[in-house]
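Asks: Please find one structure pasted underneath; my questions will follow.
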Amino acid sequence: MLQIPLTYFLALLLRITALFTPSSRSGRTPGLQFGLRHEHAVSTTGRVVFKDALTQAIPSAYTLHTKDITAYHPSLRSDAIARIGRASSIHSQVCEDQLWEEEEVLGPDVESRETLLELAKMTNNAYVEPDDSQWYDLGSNWTNAYPVGWEPDEDGFRGHVFATPDNSTIVLSIKGTSAGFFGGGGPTAKKDKLNDNLLFSCCCARVDWTWTPVCGCYRSGNRCDIDCLERSLIDDSLFYPIGTNLYNNLTYMYPESNIWIIGHSLGGALASLLGVTFGVPVVTFESPGEKMAAGRLHLPSPPSTHHVTHVYHTADPIPMGTCNGILSSCALAGYAMESRCHLGRSIIFDTVSNLSWAVDIRTHGIVNVIENLLSHPWAPSEEVGREVPEPTPEDDCVECYDWEFGDFPQ
């Protein structure tokens with residue numbers, strides 16, 4: 001009865017040792033090792049599909065540098081917080097100062113290029129099966145013998161769940177848009193496009209009179225009914241409500257774990273929305289601006305959103321907010337990508353000025369970011385003693401300035 005398994009004792013000893021190991025002067029702590037733990041998908045009917053990876057020892061595939069950060073966790077139960085985003089009347093009755101509890105947590109060191117590179121590779125793998133040639137094999141102990149844990153015909157958002165050997169930190173990686181110029185199609189492409197056009201357009205993807213809006217909130221003369229628009233974003237079949245359910249499932253499975261959320265493109269925007277809802281660390285890559293969607297969802301806003309970090313470069317018109325207008329690449333493909341403002345802080349690589357990259361939708365892919373950006377030292381940062389550009393908030397950001405939002409009944 002009093003015997004403690006050796007593996008449990010060693011894991012406990014490692015965690016206690018980590019607590020008393022001094023951090024470096026930069027606040028960086030020893031790296032965490034992550035292995036693939038679960039593969040997941042959530043259908044737009046709300047069904048969560050999990051598949052365990054290997055039941056043997058978790059492979060040591062990723063080593064990430066970490067750093068103590070300040071996060072604000074909801075003081076209410078997570079399911080209650082999620083409901084606030086669905087009812088503005090509830091939201092208005094809740095005191096923002098009482099929603100959040102400040103806590104120091106272990107987060108990714110976003111000022112480490114190596115860490116961003118490994119997170120980007122984890123994000124890329126949300127798009128593919130482990131036996132796909134595009135899967136990044138990051139260690140000799142990785143296995144690709146198991147298929148992705150979601151069913152081929154599911155059309156909800158997809159991804160992978162990674163974990164440290166002791167389950168102290170869990171990383172949820174969310175797949176972004178699957179489309180012709182985003183890296184392939186597949187069964188999720190139609191719903192991906194619907195979510196893009198609802199989350200990142202000014203009003204239901206009504207670019208001009210030739211477009212068919214994706215919701216019925218547009219009124220004549222560039223007017224948009226805001227109540228209608230907000231109701232459209234909380235439909236149970238859309239990705240944000242499904243994401244809150246998935247997050248709750250993870251907290252039930254790992255109640256004592258730190259949870260990080262990462263994603264590329266649409267997946268990054270969803271990661272940020274979930275990270276703001278639940279107060280957990282987030283890293284996104286090439287994500288379109290999600291600040292407007294967060295306001296329309298009435299997400300409770302923590303005292304700081306600096307636990308959310310966006311990583312993108314200036315040659316990608318999607319996070320820069322310039323892939324719009326009727327002749328843009330996005331519009332020609334049927335995407336109304338009109339948002340540009342990001343929550344949290346942004347690490348922006350000026351690839352146009354420093355690498356002479358042309359502004360092109362083809363630079364948006366996560367593989368391009370991995371192979372041509374993060375895999376090499378960033379000279380402008382190294383010249384000032386850094387590894388990557390300094391994370392900064394996007395102050396004074398304006399979008400959809402030519403629209404009027406208000407109470408405009410049909």
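Asks: Among residues belonging to region 224-273 that are modelled with pLDDT of 85 or more and charged (D, E, K, R), point out the one that is surrounded by the most Cβ atoms within 10 Å (Cβ to Cβ).
Replies: Asp225
Asks: Counting just the residues of region 301-312 that are farther than 21 Å from Asn125 by Cβ and surrounded by 20 or more Cβ atoms within 10 Å (Cβ to Cβ), which one comes out nearest to the chain's Cα centre (by Cα)? If you could, list the steps in order and put the result at the bottom.
Replies: As a first pass, look at region 301-312 and keep what is farther than 21 Å from Asn125 by Cβ: 301-308.
Those still in the list that are surrounded by 20 or more Cβ atoms within 10 Å (Cβ to Cβ) too: 302, 305, 307-308.
Numbers: Pro302: 17, Thr305: 14, His307: 12, Val308: 9 Å.
It comes out as Val308.
Asks: Same structure again: Against the condition surrounded by fewer than 11 Cβ atoms within 10 Å (Cβ to Cβ), on the phi > 0 side of the Ramachandran plot and out of contact with any Phe, Trp or Tyr (no Cβ under 9 Å at 6 or more places or on another chain), how does Asp396 come out, does it pass? Talk me through it step by step, then tell me what you get.
Replies: On the way: surrounded by fewer than 11 Cβ atoms within 10 Å (Cβ to Cβ): yes; on the phi > 0 side of the Ramachandran plot: yes; out of contact with any Phe, Trp or Tyr (no Cβ under 9 Å at 6 or more places or on another chain): yes.
Yes, satisfied.
Asks: Can you tell me which residue in region 279-300 is surrounded by the fewest Cβ atoms within 10 Å (Cβ to Cβ), limited to those that are closer than 20 Å to Pro74 by Cβ and touching a Ser or Thr at 6+ places or on another chain (Cβ under 6 Å)?
Replies: We begin by selecting, within region 279-300, every residue closer than 20 Å to Pro74 by Cβ; these are 279-282, 290-291, 293-300.
Narrowing the set further to residues that are touching a Ser or Thr at 6+ places or on another chain (Cβ under 6 Å) leaves 282, 290, 298-299.
Working: Val282: 29, Glu290: 29, His298: 19, Leu299: 22.
Among those that are closer than 20 Å to Pro74 by Cβ and touching a Ser or Thr at 6+ places or on another chain (Cβ under 6 Å), it is His298.
Asks: If the requirement is being touching a residue at least 24 places away in the same chain (Cβ under 8 Å) and outside any helix (DSSP H, G or I), which of these qualifies: Ile259, Ile242? Show your work before the answer.
Replies: Values: Ile242 fails: outside any helix (DSSP H, G or I).
Sole residue among the options that is touching a residue at least 24 places away in the same chain (Cβ under 8 Å) and outside any helix (DSSP H, G or I): Ile259.
Asks: Could you list, in sequence order, the residues of region 67-124 that are outside any helix (DSSP H, G or I), at pLDDT below 90 and buried (at least 22 other Cβ atoms within 10 Å of the Cβ)?
Replies: Of everything in region 67-124, those that are outside any helix (DSSP H, G or I), at pLDDT below 90 and buried (at least 22 other Cβ atoms within 10 Å of the Cβ) turn out to be Ala71, Tyr72, Gly85.
Asks: Residues of region 346-368 being crowded, with 19+ Cβ neighbours inside 10 Å and either charged (D, E, K, R) or within 11 Å of Ala315 (Cα to Cα) (or both), which ones?
Replies: Ile348, Phe349, Thr351, Trp357, Ile361, Thr363, His364
Asks: Right, another one. Looking for something in contact (Cβ under 8 Å) with a residue 60 or more places away in the chain, under 19 Å from His160 (Cβ atoms) and part of a loop (DSSP other than H, G, I, E, B) - is there at least one such residue anywhere in region 299-314?
Replies: Checking region 299-314: not a single residue is in contact (Cβ under 8 Å) with a residue 60 or more places away in the chain, under 19 Å from His160 (Cβ atoms) and part of a loop (DSSP other than H, G, I, E, B).
Asks: Before we move on, is Thr284 of a type in the set (S, T, N, Q) and either touching a residue at least 60 places away in the same chain (Cβ under 8 Å) or not in a strand (DSSP E or B) (or both)? Write out each step before concluding.
Replies: Working: of a type in the set (S, T, N, Q): yes; either touching a residue at least 60 places away in the same chain (Cβ under 8 Å) or not in a strand (DSSP E or B) (or both): no.
No: the conditions fail for Thr284.
Asks: If Thr210 passes every condition in (1) at pLDDT 80 or above; (2) polar (S, T, N, Q); (3) crowded, with 21+ Cβ neighbours inside 10 Å but one, which one does it miss?
Replies: (3)
Asks: Scan region 348-372 for residues that are modelled with pLDDT of 95 or more, farther than 12 Å from Phe285 by Cα and hydrophobic (A, V, I, L, M, F, W, C) and report the count.
Replies: Final tally of qualifying residues: 5.
Asks: Return the residues of region 326-343 that are touching a residue at least 12 places away in the same chain (Cβ under 8 Å) and over 15 Å from Glu286 (Cβ atoms); say none if nothing qualifies. Before you say what the answer is, go through the steps one by one.
Replies: Taking region 326-343 as the starting set, the residues that turn out to be touching a residue at least 12 places away in the same chain (Cβ under 8 Å) are 326, 329-331, 333-343.
Matches in region 326-343: Ile326, Ala331, Ala333, Gly334, Ala336, Glu338, Cys341, Leu343.
Asks: Specify the residue that is modelled with the highest pLDDT; the eligible residues are those in region 125-144 that are loosely packed, with under 13 Cβ neighbours inside 10 Å and among the acidic types (Asp, Glu).
Replies: Selected residue: Asp132.
The values are calculated or read from the model by the stated rules, or taken from the named source; none is laboratory data. Every value quoted in this text rests on a predicted model; they were computed, and no experiment measured them. Quick reminder, even Gly has a Cβ in these numbers, built from the backbone with ideal geometry, and neighbours come from all protein chains shown.
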